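See structure below.
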Amino acid sequence: MLILLFFVALWAGAQNALAGGGSFLTLPMLMLTGMDARAANITSCAALFPAQIATGLTGRKLSSGASGLSLPALFAISIVGGGVGAAILLLTPPDSFARLVPWLVLFATAIFAYGSFLRKPGATHVHLGTIGTSFTQFCISVYGGYFGGGIGFLMVAALTMAGQNVRTASATKNVLAGVMNASAVAIFVFSADLHWLQAIVTSLGATIGGVAGARMLHRVDEKILRIVIIAIGAALTIGLFQRAP
């Protein structure tokens, strides 16, 4: 099971680097090892953190600020939001979180699908503005600290609406994902729900995959990648609804 977990994490790390949604793979895989949904989410968040840092550093030259906000300003917003989300998660009963997970995955998949294929072409020129971008990134960061699945989807959608092209948005979200999870992981390491063995195996696979994915960022067909990510999100949503208590 740990060998399978490693290879799933390898793919998840690459997927996170390219478009996001890697935890859509690690979450159900960790649940298959016997964890409840909240423990799997906490373990997944901590395990993917080193990969997110490695991925963000690999593609950092492509990242930038948005809508008048510098990259350090987005860092600060993400750190605060991630900590708030993590604190809320630890206060959420496991059974309640298990019931929320399918809806969270459905929400993230729908947002990414809309941003990828349903938004009008001219919408990429409509900026959120400084206040809108700040508020949106804070909300995404709270969501990211609470539930790791789909933050890449949400950030790419928000950053493109803030004026970035898809490749720049992908690189920027890789950097910000690591930043927002830094505060969440700092809280989760003290939680009994963090399963260290599975976290280490997942982290090794995801880090290798993340670095490889970041190097592939400029060579991947974005449309095909988006279709694959949406298909994975839809399949996971259906599976989670079937398993929901």
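The values are calculated or read from the model by the stated rules, or taken from the named source; none is laboratory data. Nothing here was measured: the structure is a model prediction, and the numbers come from that model. When we count neighbours, we look across all protein chains shown, and the Cβ atoms used for this are built from the backbone with ideal geometry, even at glycine.
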Return only the number of the condition from (1) over 14 Å from Ser23 (Cα atoms); (2) modelled with pLDDT of 80 or more; (3) surrounded by 16 or more Cβ atoms within 10 Å (Cβ to Cβ); (4) within 17 Å of the chain's Cα centre (by Cα) that Ala231 does not satisfy. (3)
Return only the number of the condition from (1) of a type in the set (Ser, Thr, Tyr); (2) farther than 26 Å from Ala212 by Cα; (3) part of a loop (DSSP other than H, G, I, E, B) that Ser96 does not satisfy. (3)
The conditions are (1) within 15 Å of Ala158 (Cβ to Cβ); (2) of a type in the set (Val, Ile, Thr); (3) surrounded by 20 or more Cβ atoms within 10 Å (Cβ to Cβ), and Ile111 fails exactly one of them. Which is it? (3)
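Check whether at least one residue in the range 66-81 is buried (at least 24 other Cβ atoms within 10 Å of the Cβ) and of a type in the set (S, T, N, Q), and report yes or no. Explain how you work it out, then say what you get.
From the range 66-81, those buried (at least 24 other Cβ atoms within 10 Å of the Cβ) are 66, 74, 78, 81; that's our starting set.
Filter once more, keeping what is of a type in the set (S, T, N, Q): 78.
The answer is yes, given that some residue of the range 66-81 is buried (at least 24 other Cβ atoms within 10 Å of the Cβ) and of a type in the set (S, T, N, Q).
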Condition (residue is of a type in the set (A, V, I, L, M) and at pLDDT 90 or above) applied to the range 61-74: is it met by at least one residue? yes
So for the range 107-129 (the condition being more than 13 Å from the chain's Cα centre (by Cα) and at pLDDT 85 or above), does at least one residue qualify? no
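Pick from Leu57, Leu62, Leu5: which is touching a helix residue (DSSP H, G or I) at 6+ places or on another chain (Cβ under 9 Å) and under 24 Å from Val105 (Cβ atoms)? Walk me through it before giving the result.
Working: Leu57 fails: under 24 Å from Val105 (Cβ atoms); Leu62 fails: under 24 Å from Val105 (Cβ atoms).
Exactly one of Leu57, Leu62, Leu5 is touching a helix residue (DSSP H, G or I) at 6+ places or on another chain (Cβ under 9 Å) and under 24 Å from Val105 (Cβ atoms), namely Leu5.
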